[in-house]
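Structure first, commentary second.
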Amino acid sequence: MYLNHLTVYRRIMEHPILQMMSDLLESAPEEGEEKASRLVALLIRQSEKYLLEGPVLEAWLWHRILGDVNAFSMNCENGWNVPPESSLYQGVKRDLQIIKRALGDAVERLEGYGLAEYAVRYVRCAKKRADTSPAEHRAAVLRDFCERHSLSGAATEEELIECLSEYYRHQGCGILAMYPMFRWEQEKGLVGVENYDTVRMDDLVGYRYQKEALVENTLAFVQGKEANNVLLAGAGGTGKSSAVKALVNEYFDQGLRLLEIGKEQMDQLPQVLSYIAGRGKRFILFIDDLSFEDFETDYKYMKSLLEGSVEKKPENVVFYATSNRRHIIQQKWKDRQTEHYDEEVHGIEAMNEKLSLSQRFGLTLTYPAPNQTLYLEIVRFLAEKSGVKEDPKILERAALQWAMEQKGFSGRSARQFILSYQQKKA
């Protein structure tokens, strides 16, 4: 039985490497050298892309297995037990037998053609990315899994199934295991953000109360308890968006994920929620810089889902939004006036309608613009983190001059100042 006999993991065959591998195994030895060379050529490209090394053919098979979304992996991701007597368990066991046999035969073929160097002892190019990069992190997780659970070793199928179950329960399956942050595309669904912001809570200076309240609410959500939808409102450049992204970097290992959608995608919210409702991870549905002009009405999609819709918000979803407007929707003085005969008769009801969206966020955290003291504290922190060595008084004078000439006191202004200062000193 070869790879084209897979059942539970049949979708892994959709990748050209698996198709080439199957084709190689089904060919006569005297006809397989060209097929083996094509397989190795693609394997090299994929190994450099995903930072694989050592026994890369086995690592690539694990990469496909761990990333596959199927009935078994979804059950495990949701924390459900798949008993050994079940047909699903037996299907996975059979598939692993096929994959183990196919791997052994493929390596033997490649060795016969003098290509084992590229499948068993592959050494990739020198690292081009920092060890802390998302790609390096994913490669390290895969490398660790391969070292502990070998398809070519003595482990039984039952032992490998137990390891797979634990991986899916902890990491998730498919794209949820690979990325902490996602964007939404109507045609594709979830799309992983490759170069996401790796900011942590310790990188954010000031706003202690806001950070503590945000962490407390998020921890409750991660632990399966009741949690509020959160509105982070206030001045620009105060770290509202960074605080939300930092939460996901802090609690990714506990099952937290972030899905960012734009306000122009409000009408797709029912589709988004339906897509992620059955997954075993918890999602912050993040809307950055949320605001509406008084003539825009798309906010009503979100308002009904936050509270009041017939359809209940999935328990694994919470809304976090940032806005420079505390009440999100633009208000005008005329909204409070009632003496104009050409305006709405019940003006107070129109005003309440505009306030209702912000009121449906259970927790509102206000971020005022930093004063001079906090601004300089942020500058000193960023200078130390960036390795800027300068007399503190000289640095502070330059930072204050920058704030007066540029964008005033804000965390964003402080970051831009440090970048400019580094360039001048370079």
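The values are calculated or read from the model by the stated rules, or taken from the named source; none is laboratory data. Everything numeric here is computed off the predicted structure, so don't read it as measured data. Here the Cβ positions follow ideal geometry from the backbone for every residue, glycine too, while neighbour counts run over all protein chains shown.
Numerical summary
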read-out: Residue within the range 223-244 that is of a type in the set (D, E, K, R) and either in contact with a Lys or Arg (Cβ under 7 Å, 6 or more places away or on another chain) or surrounded by fewer than 18 Cβ atoms within 10 Å (Cβ to Cβ) (or both) present; value: yes
read-out: Count of residues meeting criterion [surrounded by 14 or more Cβ atoms within 10 Å (Cβ to Cβ) and within 30 Å of residue 138 (Cα to Cα)] in the range 16-36; value: 11
read-out: Pair list, Cβ under 9 Å, 6 or more apart: the range 384-405 residue within 12 Å of residue 421 (Cβ to Cβ), other residue surrounded by 12 or more Cβ atoms within 10 Å (Cβ to Cβ) and acidic (Asp, Glu); value: 398/390
read-out: Residues that are in contact with a Gly (Cβ under 8 Å, 6 or more places away or on another chain) and acidic (Asp, Glu), drawn from the range 61-100; value: 68, 77
read-out: Checking residue 238 against (1) assigned by TED's automatic domain parsing to the domain that holds residue 276; (2) more than 25 Å from residue 407 (Cβ to Cβ); (3) part of a loop (DSSP other than H, G, I, E, B), the condition it does not meet; value: (2)
read-out: Qualifying residue in the range 199-207 (condition: surrounded by 13 or more Cβ atoms within 10 Å (Cβ to Cβ), part of a loop (DSSP other than H, G, I, E, B), of a type in the set (Phe, Trp, Tyr) and not assigned by TED's automatic domain parsing to the domain that holds residue 67); value: yes
read-out: Hits in the range 52-65 - residues which are surrounded by fewer than 21 Cβ atoms within 10 Å (Cβ to Cβ) and either in contact with a Pro (Cβ under 6 Å, 6 or more places away or on another chain) or modelled with pLDDT under 90 (or both); value: 53, 54
read-out: Answer residue from the range 273-302, given it is modelled with pLDDT of 65 or more and either more than 20 Å from the chain's Cα centre (by Cα) or of a type in the set (Ser, Thr, Tyr) (or both) and is nearest to residue 229 (Cα to Cα) among those; value: 302
read-out: Condition check for residue 79: among the small types (Gly, Ala, Ser) and under 30 Å from residue 27 (Cβ atoms); value: no
read-out: Among residues of the range 1-15, those that are exposed (fewer than 13 other Cβ atoms within 10 Å of the Cβ) and either among the aliphatic types (A, V, I, L, M) or not in a helix (DSSP H, G or I) (or both), counted; value: 1
read-out: Residue 255 vs. criteria more than 16 Å from residue 368 (Cβ to Cβ) and free of Cβ contacts under 8 Å to residues at least 24 places away in the same chain; value: no
read-out: Tabulated pairs, the range 206-231, first without any contact (Cβ under 8 Å) to a residue 40 or more places away in the chain, second assigned to a helix (DSSP H, G or I) and small (Gly, Ala, Ser), C-beta under 7 angstrom, 6+ apart or interchain; value: 211/243; 226/220
read-out: So residue 2, is it over 17 Å from residue 118 (Cβ atoms) and aromatic (Phe, Trp, Tyr); value: yes
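Rundown of residues vs (1) touching a residue at least 40 places away in the same chain (Cβ under 8 Å); (2) part of a strand (DSSP E or B); (3) surrounded by fewer than 16 Cβ atoms within 10 Å (Cβ to Cβ); (4) of a type in the set (Val, Ile, Thr), yes/no style:
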position: 100; (1), (2), (3), (4): yes, no, no, no
position: 104; (1), (2), (3), (4): yes, no, yes, no
position: 114; (1), (2), (3), (4): no, no, yes, no
position: 140; (1), (2), (3), (4): no, no, yes, no
position: 153; (1), (2), (3), (4): no, no, yes, no
position: 162; (1), (2), (3), (4): no, no, yes, no
position: 167; (1), (2), (3), (4): yes, no, no, no
position: 191; (1), (2), (3), (4): no, yes, yes, yes
